[in-house]
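To start, the structure under review is shown below, and the notes come after it.
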Amino acid sequence: MSRLKKHRGLRRYYKNLRVKNNNWSGLNFYDPEHAWFDLWHTHFDWRGYGNNSFKKRKPHLDKLLRHFDLLEEKAKSLQTDYQIWATLIDFDSYHDALFLHTPNPNHSNFPWTMKDLSKTTTLSNKELNYYIDALPGYEKRYGQADEAFCVLFKKNLGIPVVPI
C-alpha cells in the first residue's frame, strides 16, 4: 500500500512566511573593509513547496519581495556601490532568489550584468506572469536559460544588473 507522507505544521510554516522577517544580522553592512558581497543570495522556498501550485508559491514570493525592500534599506548604509535584484524561475520556486552584489576581493565581476534579456515575457507560467505584471515599482526583464526566468530590479537603486 502506497502512502503519501503528510506534511505536518504547514499552517504554522505559512503563517511564519507571512509574519517573520530576517534581520540580516549575520551580514556586515557597516565595516567598510569587510562589507562586501560576492553574488550573495538567499532562497525562500527551500523545500520547493511552490513547485506544486501557485497558491503555495505566492507566500514565498511575497516574502521574497518584502525582503527585497528590507535589503534595500540595509544596502543604503553600504559605503560602496551595490546591486540588488531577484530572479524568479518559471516553474521552479526552489530557485527563486534575492541577490546582493558589491565590489569584492574574490573576483572582478562587479558590476554583474545580464545581457540579451527582453521586456517581453518568456514565462509560460500564467499565474506567475500575472503576479509579476501586477508588481508596482519593479523593472522586469525576461530570459531563457534551462528554463524561462524573470529578473526584477528597481530603477535608481544601486547599479542595475540589466542595461536600461
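So, in the stretch 44-69, exactly how many residues are loosely packed, with under 15 Cβ neighbours inside 10 Å and of a type outside the set (Gly, Ala, Ser)?
Narrowing the stretch 44-69 to residues loosely packed, with under 15 Cβ neighbours inside 10 Å: 46-47, 52-53, 55, 62, 69.
Next, only the ones that are of a type outside the set (Gly, Ala, Ser) stay: 46-47, 52, 55, 62, 69.
Number satisfying all stated conditions: 6.
Taking the stretch 16-61 as the search range and keeping residues that are among the basic types (Lys, Arg) and assigned to a loop (DSSP other than H, G, I, E, B), which one is nearest to Phe149 (Cα to Cα)? Quick ask: steps written out before the conclusion?
Keep residues of the stretch 16-61 that are among the basic types (Lys, Arg), which gives 18, 20, 47, 55-58.
Now drop any that are not assigned to a loop (DSSP other than H, G, I, E, B), which leaves 20, 47.
Values: Lys20: 27, Arg47: 19 Å.
My answer is Arg47.
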**Fill in**
So, first residue assigned to a loop (DSSP other than H, G, I, E, B) in the stretch 62-83, second residue open to solvent by less than 20 Å² (accessible area, probe 1.4 Å) and of a type in the set (S, T, N, Q), Cβ within less than 6 Å, six or more apart or across chains; the pairs are Thr80/Thr102; Tyr82/Thr102
**Prompt:** If Asn109 passes every condition in (1) over 15 Å from Trp40 (Cα atoms); (2) part of a loop (DSSP other than H, G, I, E, B) but one, which one does it miss?
**Reply:** (1)
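Looking at the stretch 83-100, which of its residues are within 24 Å of Tyr49 (Cα to Cα), out of contact with any Asp or Glu (no Cβ under 8 Å at 6 or more places or on another chain) and open to solvent by less than 20 Å² (accessible area, probe 1.4 Å)? Walk me through how you get there before you give the answer.
Of all residues in the stretch 83-100, those within 24 Å of Tyr49 (Cα to Cα) come to 85-99.
Subsequent filtering for residues that are out of contact with any Asp or Glu (no Cβ under 8 Å at 6 or more places or on another chain) retains 85, 95, 97-99.
Matches in the stretch 83-100: Trp85, Ala97, Leu98.
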**Request:** Quickly run through the stretch 41-72 and pick out the residues that are of a type in the set (A, V, I, L, M, F, W, C) and either under 20 Å from Tyr130 (Cα atoms) or under 11 Å from the mean Cα position of the chain (by Cα) (or both).
**Result:** Phe44, Phe54, Leu61, Leu64, Leu65, Phe68, Leu71
**Message:** Here are the criteria: (1) in contact (Cβ under 8 Å) with a residue 40 or more places away in the chain; (2) open to solvent by less than 50 Å² (accessible area, probe 1.4 Å). Tell me which single one Phe110 does not satisfy.
**Reply:** (1)
**Prompt:** Looking at (1) open to solvent by 50 Å² or more (accessible area, probe 1.4 Å); (2) of a type in the set (Ser, Thr, Tyr); (3) over 29 Å from Ser108 (Cβ atoms), can you tell me which one Thr80 breaks?
**Reply:** (3)
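Out of the residues in the stretch 23-42 that are aromatic (Phe, Trp, Tyr) and open to solvent by 40 Å² or more (accessible area, probe 1.4 Å), state the one that is farthest from Pro105 (Cα to Cα).
In the first step, residues of the stretch 23-42 are kept if they are aromatic (Phe, Trp, Tyr); the result is 24, 29-30, 36-37, 40.
Add one more test, that the residue is open to solvent by 40 Å² or more (accessible area, probe 1.4 Å), and what stays is 30, 36, 40.
On the way: Tyr30: 17, Trp36: 8, Trp40: 14 Å.
Top of the filtered list is Tyr30.
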**Request:** Any chance you could count how many residues in the stretch 144-164 are crowded, with 18+ Cβ neighbours inside 10 Å and not in a loop (DSSP other than H, G, I, E, B)?
**Result:** 6
**Message:** Checking the structure you have, find out if any residue of the stretch 114-136 is surrounded by 12 or more Cβ atoms within 10 Å (Cβ to Cβ) and closer than 30 Å to Glu33 by Cβ.
**Reply:** yes
**Prompt:** Which condition number does Leu117 fail, the rest of (1) within 16 Å of Leu152 (Cβ to Cβ); (2) in contact with a helix residue (DSSP H, G or I) (Cβ under 8 Å, 6 or more places away or on another chain) being met?
**Reply:** (2)
**Prompt:** Within the stretch 129-144, is even one residue without any contact (Cβ under 8 Å) to a residue 60 or more places away in the chain, farther than 30 Å from Val19 by Cα and not aromatic (Phe, Trp, Tyr)?
**Reply:** yes
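For the stretch 112-136, which positions are closer than 21 Å to Tyr49 by Cα and not in a loop (DSSP other than H, G, I, E, B)? It would help to see each step written out before you state the result.
Just the residues of the stretch 112-136 that are closer than 21 Å to Tyr49 by Cα, to begin with: 123-132.
Across the stretch 112-136, the qualifying residues are Lys126, Glu127, Leu128, Asn129, Tyr130, Tyr131, Ile132.
The values are calculated or read from the model by the stated rules, or taken from the named source; none is laboratory data. Since the structure is predicted, the reported quantities are computational estimates derived from the model, not experimental observations. Using ideal geometry, Cβ is built from the backbone for each residue, glycine included, and neighbour counts are taken over all protein chains shown. Protein only, heavy atoms only, side chains kept; ligands, DNA and RNA dropped before computing areas. Shrake-Rupley method; radii C 1.70, N 1.55, O 1.52, S 1.80 Å.
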